[in-house]
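Undergrad: Pasting in a structure now, in structure tokens, and then I'll have a few things to ask.
The values are calculated or read from the model by the stated rules, or taken from the named source; none is laboratory data. These figures come from a predicted structure and were not determined experimentally. Ideal geometry is used to build each Cβ from the backbone, glycine not excepted, and the neighbour counts take in all protein chains shown. Heavy atoms of the whole protein, side chains included, go into the accessibility calculation; ligands, DNA and RNA do not. Shrake-Rupley method; radii C 1.70, N 1.55, O 1.52, S 1.80 Å.
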Amino acid sequence: MAKVLLLNGSPHTKGCTYTALEEMIKVFDKEGIDTELIQVGNKDIRGCIACGSCSEKGRCVFDDLVNELAPKFEAADGLVVGSPVYYSSPNGTILSFMDRLFYSTSFSKHMKVGAAVVSARRGGNTASFDALNKYFTISGMPVASSTYWNQVHGFSPEDVRKDLEGLQTMRNLARNMAFMIRAIADARGKYGLPEVERDAFTSFPDGK
Ligand SMILES: Cc1cc2nc3c(=O)[nH]c(=O)nc-3n(C[C@H](O)[C@H](O)[C@H](O)COP(=O)(O)O)c2cc1C
């Protein structure tokens, strides 16, 4: 059975971001996609210290939820990252988590489907949405989209439940994601995954 991991970057386990993710989970259930919701935002997650130890050991030097999640991410077909908007960006905890998760894991994320979901009271949604999508688009992960940029509005879960278009966006997003996961699984069987070149790694004009 296909599986999607959903990360809740909010410190509120049942807050606005959760309410958006929950709307997606209901659709995944109907679509026969297995889900696991992982609470990130209330954990003590520090930022990457660029020690490079992960390139030798294949895991982050800080042995926390990042290392715990890595094998689940490797096995998953899709990843949804949800975050509240803090000063027009994703919140600090989820950014630290995503930096370390993506940097410390060397397994292929190619063709795992990604989706970002943001929750704001009022503004900063699209800037936050863009920042979260960057993890997917550097990793060969197709990004699922919806009928609006994936956002809900509210200061409380009750507000989000009144954001009917926001919830509709979440349902359409989950349906599109389920479709993409199935389509990619079919295409992988028929054609195999596309070739990935990695030899060039240029930081300077002379290529060294
Ligand atoms: C430190 C902090 C900064 C915030 N910055 C913004 C902001 O820039 N724009 C906004 O609309 N809401 C902002 N908010 C409000 C939350 O993003 C918003 O209420 C969100 O829906 C809460 O989601 P949650 O219940 O999942 O935590 C901020 C909240 C906090 C705690």
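Undergrad: If you take the residues in the stretch 123-149 that are part of a loop (DSSP other than H, G, I, E, B) and within 12 Å of the chain's Cα centre (by Cα), which one is surrounded by the most Cβ atoms within 10 Å (Cβ to Cβ)? If you could, list the steps in order and put the result at the bottom.
TA: If we filter the stretch 123-149 for residues that are part of a loop (DSSP other than H, G, I, E, B), which is where we start, we get 123-124, 138-142, 144-149.
After this cut, where a residue has to be within 12 Å of the chain's Cα centre (by Cα) as well, the list is 139, 141-142, 144.
Values: 139: 16, 141: 20, 142: 19, 144: 24.
Selected residue: 144.
The rows are residues; the columns are (1) open to solvent by 70 Å² or more (accessible area, probe 1.4 Å); (2) under 16 Å from residue 116 (Cβ atoms).
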{"residue": "43", "(1), (2)": "yes, no"}
{"residue": "54", "(1), (2)": "no, no"}
{"residue": "58", "(1), (2)": "no, no"}
{"residue": "85", "(1), (2)": "no, yes"}
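Undergrad: A further question on this structure: Assuming residue 92 fulfils every condition listed in (1) in contact with a Pro (Cβ under 8 Å, 6 or more places away or on another chain); (2) within 14 Å of the ligand (Cβ to nearest atom) apart from one, which condition is it?
TA: Exception for residue 92: condition (1).
Undergrad: Sticking with this one: Does any residue in the stretch 60-74 that is closer than 15 Å to residue 7 by Cβ come within less than 6 Å, Cβ to Cβ, of a residue that is part of a helix (DSSP H, G or I) six or more places away or on a different chain, and which pairs are these?
TA: Note: pairs meeting the criteria are 66/100; 66/101.
Undergrad: In addition: Looking at the stretch 150-164 only, could you name the residues that are assigned to a helix (DSSP H, G or I), acidic (Asp, Glu) and touching a strand residue (DSSP E or B) at 6+ places or on another chain (Cβ under 9 Å)?
TA: Pass one, the stretch 150-164, residues assigned to a helix (DSSP H, G or I): 157-162, 164.
Then drop every residue that is not acidic (Asp, Glu), which leaves 158-159.
Hit for the stretch 150-164 is 159, nothing else.
Undergrad: I'm checking my understanding of the structure. Among residues of the stretch 60-74 that are hydrophobic (A, V, I, L, M, F, W, C) and within 29 Å of residue 167 (Cβ to Cβ), which one is most open to solvent (accessible area, probe 1.4 Å)? So that I can check it myself, show each step before the final result.
TA: Within the stretch 60-74, the subset hydrophobic (A, V, I, L, M, F, W, C) is 60-62, 65-66, 69-70, 73.
Next, only the ones that are within 29 Å of residue 167 (Cβ to Cβ) stay: 65, 69, 73.
Working: 65: 26, 69: 4, 73: 1 Å².
Per the criteria, the residue is 65.
Undergrad: Follow-up. Given (1) over 17 Å from residue 76 (Cα atoms); (2) touching a residue at least 24 places away in the same chain (Cβ under 8 Å), identify the lone condition not met by residue 142.
TA: The one condition residue 142 does not meet is (1).
Undergrad: Looking only at the stretch 163-194, filter to residues that are small (Gly, Ala, Ser) and free of Cβ contacts under 8 Å to residues at least 40 places away in the same chain; which one of those is most open to solvent (accessible area, probe 1.4 Å)? Give the steps one after another, and end with the answer.
TA: Within the stretch 163-194, the subset small (Gly, Ala, Ser) is 166, 174, 178, 183, 185, 187, 189, 192.
Within this subset, residues satisfying the condition of being free of Cβ contacts under 8 Å to residues at least 40 places away in the same chain are 183, 187, 189, 192.
Details: 183: 42, 187: 37, 189: 70, 192: 36 Å².
Once the filter is applied, the top-ranked residue is 189.
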